[in-house]
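> Here's a structure for you.
The values are calculated or read from the model by the stated rules, or taken from the named source; none is laboratory data. Predicted model only: the values in this text are computed from it and were never measured. No Cβ is skipped: glycine too gets one built from the backbone with ideal geometry, and neighbour counts run over all protein chains shown. Remember, those area values only see protein heavy atoms, side chains included, never the ligands or the DNA or RNA. Shrake-Rupley method; radii C 1.70, N 1.55, O 1.52, S 1.80 Å.
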Amino acid sequence: MKAVITAIAHHVPEGVYDNSWFAQKIDTTDEWIRTRTGITERHFAFEGGLTDIIVPAAEAALQQRGITAEDIDCIIIATVTPDRIFPSSAAILQRKIGAKNAWGFDLAGACSGFLYALVTGAKLIESGAAKKLLLIGADKMSSIIDFEDRATCVLFGDGAGAVILEPGESDDYGVMDHILRMDGNGEVHLHQKAGGSMRPPTIETVTNREHYVYQEGQAVFKAAVKGMADVSYEIMERNHMTADDVTWLVPHQANLRIIDATAERMGLSKEKVMINIDRYGNTTAGTIPICMSELYQTHSVKTGDYLVLSSFGAGYTWGSVLLRWSLEQKEQA
Ligand code: ACO
């Protein structure tokens, strides 16, 4: 038996910030941001923590499934922007939604966090260790981006996706295959300099703006184009699939040019690629579940469809998951 998605929802903060908002503050233009990244606007919450963004998504998923928080036995939150370093945001969310029968943990896989968590969650379901797992991919990037650094601040947004994972009735649907990779040599190109045990916060680290995302864009771009395209092609090939068999590529939304390169390598036409980077920017662990939730909400996926989920991010971490969809959209009353 495989793990299947039995509910999916998402939430983004109300505040919308378009490219001209940045152009008024820093040396950038709407044209540069749109042509170099594909982003037009993103959502930020300047108050509250990560779990404040997650709660509405989690509650919507529970309601969609027709269960209560007490039915959940495990919570995994993929994020690099937890409410606090400890306790885990999973514990904080458990209290906020009243999931008193759940254990859980946070998982730091950056932009690949949701895929890492999906595979981990699927294995807990397949082994029988969990029966109803609440799986979250979410980040509040506004809490770690330097709004004075034009090379990074325009790229990100805040958002959360929530999925309920359960045992499926057969082996024909759900998480079918995965390829997950990691290369710690990527640390030098993409990291947060201070705040962890290697460099705890001091007045100096704050003054030097070391608590924000540090990214060498071009190095990451080159690695991402190759890494994401490689695994996306490989998962298709080893499952004896051609582009015709893939209904949707659901890629991490970091840069439209990285997405295009991946789709091209897979031989997929643009109509089969889920894109919402224009409206949300890069919500890190949030991108893939938010994309899937929008596909579901717009009746764009049906039982039996094959989705290739692909990501690349800090670590480096990257990977692909082959998912066979089985969640039918309920008819509107
Ligand atoms: N507005 C105007 N100009 C800018 C801006 C901006 N917002 N940002 C950078 N520039 C300038 C640079 O200063 C540079 O100017 P110069 O030529 O005078 O030196 C020029 O634009 C080109 O800069 P590049 O960094 O070479 O631009 P590039 O085309 O590589 O685009 C980008 C930058 C968008 C960051 C791209 O490199 C990228 O997408 N990288 C990968 C991002 C990614 O996938 N990250 C992983 C996930 S994130 C995570 O895991 C947390």
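> Taking the residues in segment 172-209 that are small (Gly, Ala, Ser) and open to solvent by less than 70 Å² (accessible area, probe 1.4 Å) as candidates, determine which candidate is nearest to the ligand (Cβ to nearest atom).
Residue satisfying both the conditions and the ranking: GLY186.
> I'd like to know if segment 78-97 contains one or more residues that are touching a residue at least 60 places away in the same chain (Cβ under 8 Å), buried (at least 17 other Cβ atoms within 10 Å of the Cβ), more than 12 Å from the ligand (Cβ to nearest atom) and in the same structural domain as ALA130 (by TED's automatic domain parsing).
no
> I'm checking my understanding of the structure. Among residues of segment 210-225 that are of a type outside the set (A, V, I, L, M, F, W, C) and open to solvent by 30 Å² or more (accessible area, probe 1.4 Å), which one is farthest from the ligand (Cβ to nearest atom)? Let's see the steps before the verdict.
Step one: filter segment 210-225 for residues of a type outside the set (A, V, I, L, M, F, W, C), giving 210-212, 214-218, 222.
Of the ones still in play, those that are also open to solvent by 30 Å² or more (accessible area, probe 1.4 Å) are 211-212, 214-218, 222.
Details: HIS211: 14, TYR212: 11, TYR214: 10, GLN215: 6, GLU216: 8, GLY217: 3, GLN218: 4, LYS222: 9 Å.
Checked segment 210-225; the qualifying residue farthest from the ligand (Cβ to nearest atom) is HIS211.
> Which condition breaks for ALA130 when tested against (1) within 22 Å of GLY66 (Cβ to Cβ); (2) not assigned by TED's automatic domain parsing to the domain that holds GLU14?
(2)
> Turning to a different aspect of this structure: If you scan segment 39-55, which residues turn out to be part of a helix (DSSP H, G or I) and free of Cβ contacts under 8 Å to residues at least 60 places away in the same chain?
So the first thing to find is which residues in segment 39-55 are part of a helix (DSSP H, G or I), and the list is 50-55.
Listed by number, the residues that qualify are THR51, ASP52, VAL55.
> Somewhere in segment 53-74, is a residue away from the ligand (no atom under 16 Å from the Cβ), small (Gly, Ala, Ser), under 24 Å from ASN255 (Cα atoms) and crowded, with 16+ Cβ neighbours inside 10 Å? Talk me through it step by step, then tell me what you get.
Step one: list which residues in segment 53-74 are away from the ligand (no atom under 16 Å from the Cβ), which gives 53-74.
Subsequent filtering for residues that are small (Gly, Ala, Ser) retains 57-58, 60-61, 66, 69.
Of the ones still in play, those that are also under 24 Å from ASN255 (Cα atoms) are none.
Checking segment 53-74: not a single residue is away from the ligand (no atom under 16 Å from the Cβ), small (Gly, Ala, Ser), under 24 Å from ASN255 (Cα atoms) and crowded, with 16+ Cβ neighbours inside 10 Å.
> Hey, could you check segment 6-38 for residues that are touching a helix residue (DSSP H, G or I) at 6+ places or on another chain (Cβ under 7 Å), touching a residue at least 40 places away in the same chain (Cβ under 8 Å) and over 16 Å from TYR280 (Cα atoms) and say which is farthest from the ligand (Cβ to nearest atom)?
The extreme case among them is THR6.
> Every residue in segment 287-319 that is of a type in the set (S, T, N, Q) and either in a helix (DSSP H, G or I) or under 13 Å from ALA224 (Cα atoms) (or both), please.
Applying the first criterion (of a type in the set (S, T, N, Q)) to segment 287-319 yields 287, 293, 297-298, 300, 303, 310-311, 317.
Result: THR287, SER293, GLN297, SER310, SER311, THR317.
> For segment 39-51, name all the residues that are crowded, with 18+ Cβ neighbours inside 10 Å and more than 16 Å from the ligand (Cβ to nearest atom).
Across segment 39-51, the qualifying residues are HIS43, ALA45, THR51.
> Just checking, does segment 145-156 include any residue being more than 14 Å from the ligand (Cβ to nearest atom), among the aliphatic types (A, V, I, L, M), open to solvent by less than 10 Å² (accessible area, probe 1.4 Å) and touching a residue at least 60 places away in the same chain (Cβ under 8 Å)?
Filtering segment 145-156 for residues more than 14 Å from the ligand (Cβ to nearest atom) gives none.
Scanning segment 145-156 turns up no residue that is more than 14 Å from the ligand (Cβ to nearest atom), among the aliphatic types (A, V, I, L, M), open to solvent by less than 10 Å² (accessible area, probe 1.4 Å) and touching a residue at least 60 places away in the same chain (Cβ under 8 Å).
> Something else now. Specify which of the listed residues (SER269, SER300, SER326) is away from the ligand (no atom under 16 Å from the Cβ), open to solvent by 10 Å² or more (accessible area, probe 1.4 Å), in contact with a strand residue (DSSP E or B) (Cβ under 6 Å, 6 or more places away or on another chain) and more than 17 Å from HIS43 (Cβ to Cβ).
Working: SER269 fails: in contact with a strand residue (DSSP E or B) (Cβ under 6 Å, 6 or more places away or on another chain); SER300 fails: in contact with a strand residue (DSSP E or B) (Cβ under 6 Å, 6 or more places away or on another chain).
Selected residue: SER326, the only one of SER269, SER300, SER326 that is away from the ligand (no atom under 16 Å from the Cβ), open to solvent by 10 Å² or more (accessible area, probe 1.4 Å), in contact with a strand residue (DSSP E or B) (Cβ under 6 Å, 6 or more places away or on another chain) and more than 17 Å from HIS43 (Cβ to Cβ).
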